[in-house]
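Enquirer: Next up is a structure, given as C-alpha cells.
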Amino acid sequence: MPAYMIALNRTLRDRQKLEEYWKAAGPTFEGLGAKRLAIYTPLVLLEMLGPLDGAVVIEFPDVETAKGWYESPAYQDAKKYRNGAADVEIFIIDGGTVPPEDRIPHKRDLRSSRGEAGV
C-alpha cells in the first residue's frame, strides 16, 4: 500500500541554505519509486495552528521504503543543509482508511465531550 511523506515548512529562516538543501535532497529520491505529488505548490490555508510557508507530499511504494529513504545516509547528509534554514515537520502516513472504531487507539479512554478521561 502506498505511503506518503509529508513535510510542512512552518517558518523559513534562511532561503539560501534551504535552496542548498533542495538541491542536495532531490537526488535522494532516485531509484525508490517515489512520486513527487506536490512540491511547494500554492496552498490554501483552511485550519492551521501556526504559520505554514510551504508543503511537500511525496508518495512511496510503502512505509518501509519511505522510512528507508529518510534514514538513508544520502538523505541524512542532505538534511544537514536544512538545519537552521527552516522549522520543518516531517511525517510518513500509510495510505488507506482505518474504521472509526479503530482510529487513534492510544486515546480510546478520551470519550468525554469535555476532554476528560472516559470511565
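Quick note: the coordinates plus some simple rules give every number you see, no bench work behind them. For clarity, every value in this text was computed on a predicted model and none was experimentally measured. Using ideal geometry, Cβ is built from the backbone for each residue, glycine included, and neighbour counts are taken over all protein chains shown.
Enquirer: What nm distance separates the two modelled labels at residue 22 and residue 79, each placed 7 Å from Cα along Cα→Cβ?
Expert: Taking the simple label geometry, residue 22 and residue 79 are separated by 2.1 nm.
Enquirer: Measure nothing fancy, just the Cα-based angle from helix 15-25's long axis to the longest principal axis of the chain, in degrees from 0 to 90, nearest 10.
Expert: The angle comes out at about 90 degrees.
Enquirer: Okay, moving on. When the chain is modelled as a GNM with alpha-carbon springs shorter than 10 Å, which of 42, 99, 61 fluctuates the most?
Expert: 99
Enquirer: Can you list the residues of the stretch 30-70 with backbone N under 15 Å from a point 7 Å past the Cα of residue 10, pointing along Cα to Cβ?
Expert: Counting backbone N atoms under 15 Å from the label point, the list is 48-55.
Enquirer: What does the convex hull of the Cα atoms come to per residue for the chain, in Å³? Can you show the working numbers first?
Expert: On the way: hull volume 17.4 nm³, N = 119.
Taking the convex hull of the Cα positions in the chain, it is 147 Å³ per residue.
Enquirer: Please identify, among 97, 28, 11, the residue showing maximal mean-square fluctuation in a Gaussian network model of the chain using a 10 angstrom Cα cutoff.
Expert: Of 97, 28, 11, the most mobile in the Gaussian network model is 97.
Enquirer: Using a Gaussian network for the chain with springs between C-alpha atoms less than 10 Å apart, which of these wobbles most: 101, 89, 20?
Expert: Fluctuation is largest for 101.
Enquirer: Under the rule of -39500 (n - 2.57) per DSSP H run of 4 or more residues, summed and divided by the residues of the chain, what mean residue ellipticity at 222 nm is obtained, to the nearest 500 deg cm²/dmol?
Expert: Details: 3 runs with 27 residues, N = 119.
It lands at -6500 deg cm²/dmol.
Enquirer: Follow-up question, since we're still on this one. From Cα pairs below 8 angstrom and at least 6 apart in sequence, can you work out the relative contact order of the stretch 18-119, rounded to a whole percent? Don't skip to the answer; put the middle values down first.
Expert: Working: 73 pairs, mean separation 29.0, N = 102.
It comes to 28 percent, rounded to a whole number.
Enquirer: Here is a follow-up. Among 70, 91, 81, which residue has its Cα positioned farthest towards the positive end of the charge dipole of the stretch 62-102, with +1 placed on the Cβ of Lys and Arg, -1 on the Cβ of Asp and Glu, and the dipole taken about the Cα centre?
Expert: Of the listed residues, the answer is 81.
Enquirer: Once you charge only the Cβ atoms, +1 for Lys and Arg and -1 for Asp and Glu, what is the size of the charge dipole of the chain about its Cα centre, to the nearest 20 debye? Intermediate values should be presented prior to the final figure.
Expert: Working: 16 positive and 18 negative charges, 58 e Å.
Around 280 debye, computed over the chain.
Enquirer: Spelling out what I want: for every residue of the stretch 32-49, take phi, set θ = phi - 60°, compute 6.51 cos²θ - 1.76 cosθ + 1.60 (Karplus), and round to whole Hz; glycine and proline get x.
Expert: Rounded to whole hertz, the list is 10, x, 6, 10, 7, 8, 8, 10, 6, 6, x, 10, 10, 7, 10, 9, 9, 9.
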